[in-house]
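The values are calculated or read from the model by the stated rules, or taken from the named source; none is laboratory data. Small disclaimer: the values here were computed from a predicted structure and weren't measured. Neighbour counts run over all protein chains shown; Cβ positions are idealised from the backbone, glycine included. For the accessible areas, the whole protein counts, side chains as well, though only heavy atoms, and no ligand, DNA or RNA atoms are used. Shrake-Rupley method; radii C 1.70, N 1.55, O 1.52, S 1.80 Å.
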Amino acid sequence: MDALLSPLPVPAASSPSPPAPLADVQSFYERGWKDISSQYFLRTAWPSSREISAVVKDDAGFLVLYRLLCFRHTLMTLADQPAIFSTYAEAWNAYKAFFDFVVDPSSSASAVTLPHVWVYDILCDNLPFYYQKYHQLRATAFGGGAAAAAAGGAAAAGADGGDEEASASGGSGSAVPTELVGISESDAAAAWSLADVLAQLHRVAEKTDAAGTAASGKAATAYSFRDSVGYFALATLGRLYSKLGDYAASLEAVKPLNVFAPEGALFAKLQKAHLTVQHTAGFALAMSRRYEEAAKLLARTLLYFQRNSGIFNDRDTNVHPTLRRTADKMLALLALAVAALPGGVFVDDYIRKPMRDRHGEKIDRIIAGATPATTATAAAAAPAAGGAAAADGADASAAAAASDAAAAVAAASAAVVDLFELAAPSYLTWSPAPLPPTTDDEKALFVSPAAVQEAHLAALAGDIAARVAGVAPLRSFLRLYTNIDVAKLADYTGSNPDAVR
């Protein structure tokens, strides 16, 4: 617990440059690949791995990574083209080949040199996106959860780590759509199985000893390709579990990654990875009702980024939009956690100011939500004096107080909803039903993200309301106590002013 609540030290502003070959790979990954794609493959897919295998002399490691880049281009860059089940099924096969390559001791994975950002994109960014898009496509195409998706309930993890709205293409009803041409129903049903995805990530984390490597204290710059894959496999598990609503499993997954320890996250210098992992941990803590731990984790992480990047300075155009979106989610989550804490939590002014500027009104509405209810209860219980007229006046007063209480509770509830929707990651669609579903029970197995979010939001709002209502009388008493003159307090208690002081 002491490690969890310790302040996060600020890492050095600059980091050593990677070796020249790695720098070249990173430069081509971040710029060269995109430039060539824009120039030559703006509307078409890259050549298949089969077509280029002879050119690269059947280099297994190169072809595994190349396939993943090709699917990233097809499913993200060419996202305006109709999605088909066979493409997603092939993408999942490419991921399984990648996992096999990483864990196979006889493969050339030990000789691979890959920038950490590339591994992060493969696992934490792209994999959740493909999973969600594929299951949205299934749910919409076969009539399971289509209404929920149309209502905006379905959302996917967007490119570069943001959580963006994503709509699945495909028809509706029970008929097999044209997108299924070229792939059997059993193969389409087997692709991106939730159990398979989680099992593969757990296998990679175990085979690469990700927890042991993280505990060894090895610097991020010393991480090998396998080390990096294991680390981000755990980060991806944490993100997926959180988006599925299993917050205990999410915290268990990211626990070895050192995100709670005083020295901070291992990949703090890889900004989008740092923010993603810390947001995952903070959200899981808050949804586990560990508000104080969540607030401290979020506050210290955001303080580092605000001091070094000015991430909440709206005039600063140097902050990447993805980083700003994730930081905004964390700031809303921090506001929600602070509102749920009876005594609040210390937040540095660097963070307190943007938090109050953006969410101060919502925090105040949540805190004030239960105060009128106490007044209404007292008014209703007060004995009527002075006959019928006094009784009528008391009834009117009680009715007015009850109306005020109801309005305040509604405003507080709305504030919780607003902050939650700003802070939460998009929940995942889970569709274990056969493809296509033939019965109402099978169709019901397509779990709508909107339904999952609504259930978790209702539980969170109920917990926060109970907490606020429970401390409202104490808040009123403390406010009264701090406003009474010392001499008057001394008179009430039969003491002298010096003793009261």
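Computed values, structure above
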item: Pick from region 445-484, criterion at pLDDT below 75 and either closer than 17 Å to Met287 by Cβ or charged (D, E, K, R) (or both), ranking: least open to solvent (accessible area, probe 1.4 Å); result: Arg475
item: Candidate set from region 1-25 (those that are open to solvent by 60 Å² or more (accessible area, probe 1.4 Å) and part of a helix (DSSP H, G or I)); member that is modelled with the highest pLDDT; result: Asp24
item: Condition check for Leu114: within 23 Å of Val25 (Cα to Cα) and buried (at least 22 other Cβ atoms within 10 Å of the Cβ); result: no
item: Members of region 206-224 that are among the basic types (Lys, Arg) and either open to solvent by less than 50 Å² (accessible area, probe 1.4 Å) or assigned to a helix (DSSP H, G or I) (or both); result: Lys207
item: Output for region 320-343, where each listed residue is open to solvent by 80 Å² or more (accessible area, probe 1.4 Å) and part of a helix (DSSP H, G or I); result: Arg325
item: Residue list for region 44-81, filter: acidic (Asp, Glu) and either open to solvent by less than 40 Å² (accessible area, probe 1.4 Å) or closer than 19 Å to Ser107 by Cα (or both); result: Asp58, Asp59
item: Some residue of region 258-280 being among the hydrophobic types (A, V, I, L, M, F, W, C) and without any contact (Cβ under 8 Å) to a residue 12 or more places away in the chain; result: no
item: Residue within region 42-63 that is under 22 Å from Leu201 (Cβ atoms), at pLDDT 85 or above and of a type outside the set (A, V, I, L, M, F, W, C) present; result: yes
item: Every residue from region 415-444 that is modelled with pLDDT of 90 or more and among the aliphatic types (A, V, I, L, M); result: Ala415, Val416, Val417, Leu419, Leu422, Ala423, Ala424
item: Of all residues making up region 344-374, the number that are open to solvent by 40 Å² or more (accessible area, probe 1.4 Å), modelled with pLDDT under 85 and within 13 Å of Ala414 (Cα to Cα); result: 2
item: Any pair with Cβ under 7 angstrom, 6 or more apart, that starts in region 50-64 at a residue that is without any contact (Cβ under 8 Å) to a residue 12 or more places away in the chain and part of a helix (DSSP H, G or I) and ends at one that is surrounded by 10 or more Cβ atoms within 10 Å (Cβ to Cβ) and of a type in the set (A, V, I, L, M); result: Phe62/Val56
item: Residues of region 81-129 satisfying the condition of being of a type in the set (Asp, Glu) and in contact with a helix residue (DSSP H, G or I) (Cβ under 7 Å, 6 or more places away or on another chain); result: Asp125
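To keep it simple, each residue is scored yes or no on (1) open to solvent by less than 20 Å² (accessible area, probe 1.4 Å); (2) under 17 Å from Cys124 (Cα atoms); (3) in a loop (DSSP other than H, G, I, E, B).
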site: Arg226; (1), (2), (3): no, yes, no
site: Lys243; (1), (2), (3): yes, yes, no
site: Ala249; (1), (2), (3): no, yes, no
site: Ala253; (1), (2), (3): yes, yes, no
site: Val259; (1), (2), (3): yes, yes, yes
site: Leu266; (1), (2), (3): no, yes, yes
site: Leu275; (1), (2), (3): yes, yes, no
site: His279; (1), (2), (3): yes, yes, no
site: Arg289; (1), (2), (3): no, no, yes
